[in-house]
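Notes follow the structure.
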Amino acid sequence: KGAALPAGSSLRLTAPVGARVTETPLADAGGFQGSVTADGTSGSYTYVRDSASGSWKDGGYPFVLTVDERAVPGTRLPGCAVVLTDAGGARRASGSCAVTVGMPGPTLTEPAGGTFVSGAGRLAGTSYPGARVSVFDAAEHKVCAGVARIDGTWSCTPDTPLPAGANRLHASAAFNGVSAVGEDVDFTVTAQEPDAAH
C-alpha cells in the first residue's frame, strides 16, 4: 500500500531462527532482481525497472527457505520479518511472518516406473515417518492408503485390481497439518492369464 516506489526500492525477508533463505525464484523476472546473503539469514528483491505504475503493489514475492532435516513438518518458526525500503534505504513498510516447515514429497517405488506388473500387487514407497500416505490414479481416484513406519517406508494393497494396460499413480502424504505430493509413476499392468484347465 502507499505511494508507488520506483527503481532501487527493495523488499527484504529475514529468515527465522532454524531456517535460511536459499533462493529468490522471481529473480530477473518482471523487473525484479533477487539476491541472497552468503549465510542465508536474508534474501531480497530489488525493483530495477522504472514504470509509471511503480512496483510492489498487488504482487507476490516468493522466497525459498530450507530448514534442518530434523525439523518436524507442520512446525511454525516465528521471527520471520519483511521490510520494504525506498531507493534511499528509508523504511516504507514492515511486518512479521512465520515459516511453516513443509514435508518432502513421498515416493512411490513399487512398482517402479516403466515396468510391467500383474494384478493388484502391493504398492510401496517412502515418506516422513507417521505420515498418512494415499495413492491416487490419473483420474485422482484413491487406490489405497497406509501410514509410513518409523523407518519411513509405507505400503498398501489396492482393494480393486488395477486395470490392465497403462497406469499412472502418485502418492500424497499428510502429517501435522501439512501435505506433499510425490511424482507420477507410469507403469503397465499386464492382463492376467486364465488358469489352464487340468
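Test VAL147 against the stated conditions and say whether it is touching a residue at least 24 places away in the same chain (Cβ under 8 Å) and in contact with a strand residue (DSSP E or B) (Cβ under 7 Å, 6 or more places away or on another chain).
Here the answer is no, as VAL147 does not meet what is asked.
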So, in segment 116-132, how many residues would count as being in a strand (DSSP E or B) and among the hydroxyl-bearing types (Ser, Thr, Tyr)?
2
GLY177, sole failed condition from (1) touching a Pro at 6+ places or on another chain (Cβ under 6 Å); (2) at positive phi
(1)
Among residues of segment 67-114, those that are open to solvent by 50 Å² or more (accessible area, probe 1.4 Å) and of a type in the set (Val, Ile, Thr), counted
6
Return the pairs, sorted by first residue and then second, in which the second residue is of a type in the set (Lys, Arg) and assigned to a strand (DSSP E or B), the first residue lies in segment 59-84 and is within 20 Å of GLY177 (Cα to Cα), the beta carbons are less than 7 Å apart, and the residues are 6+ apart or on different chains.
LEU65/ARG20; THR66/ARG20
For GLY113, are the conditions met, namely being free of Cβ contacts under 8 Å to residues at least 60 places away in the same chain and either of a type in the set (Gly, Ala, Ser) or in contact with a strand residue (DSSP E or B) (Cβ under 8 Å, 6 or more places away or on another chain) (or both)?
no
Across segment 133-149, what is the number of residues that are of a type outside the set (Val, Ile, Thr), part of a strand (DSSP E or B) and either open to solvent by less than 20 Å² (accessible area, probe 1.4 Å) or out of contact with any Lys or Arg (no Cβ under 8 Å at 6 or more places or on another chain) (or both)?
4
Residues (assigned to a loop (DSSP other than H, G, I, E, B), open to solvent by 60 Å² or more (accessible area, probe 1.4 Å) and modelled with pLDDT of 90 or more) located in segment 17-47:
VAL17, PRO25, ALA38, ASP39, THR41
Residues of segment 157-190 being over 13 Å from the mean Cα position of the chain (by Cα), under 16 Å from SER127 (Cα atoms) and open to solvent by 80 Å² or more (accessible area, probe 1.4 Å), which ones?
ASN176, GLY177, ASP184
Taking the condition open to solvent by 40 Å² or more (accessible area, probe 1.4 Å), closer than 22 Å to SER9 by Cβ and among the aromatic types (Phe, Trp, Tyr), does TYR128 pass?
no
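The values are calculated or read from the model by the stated rules, or taken from the named source; none is laboratory data. In this text the structure is predicted, and so the values were computed from the model without any measurement. Methodologically, a virtual Cβ is constructed for each residue, glycine included, from the backbone with ideal geometry; neighbour enumeration extends over all protein chains shown. Accessible surface areas use protein heavy atoms only, side chains included; no ligands, DNA or RNA. Shrake-Rupley method; radii C 1.70, N 1.55, O 1.52, S 1.80 Å.
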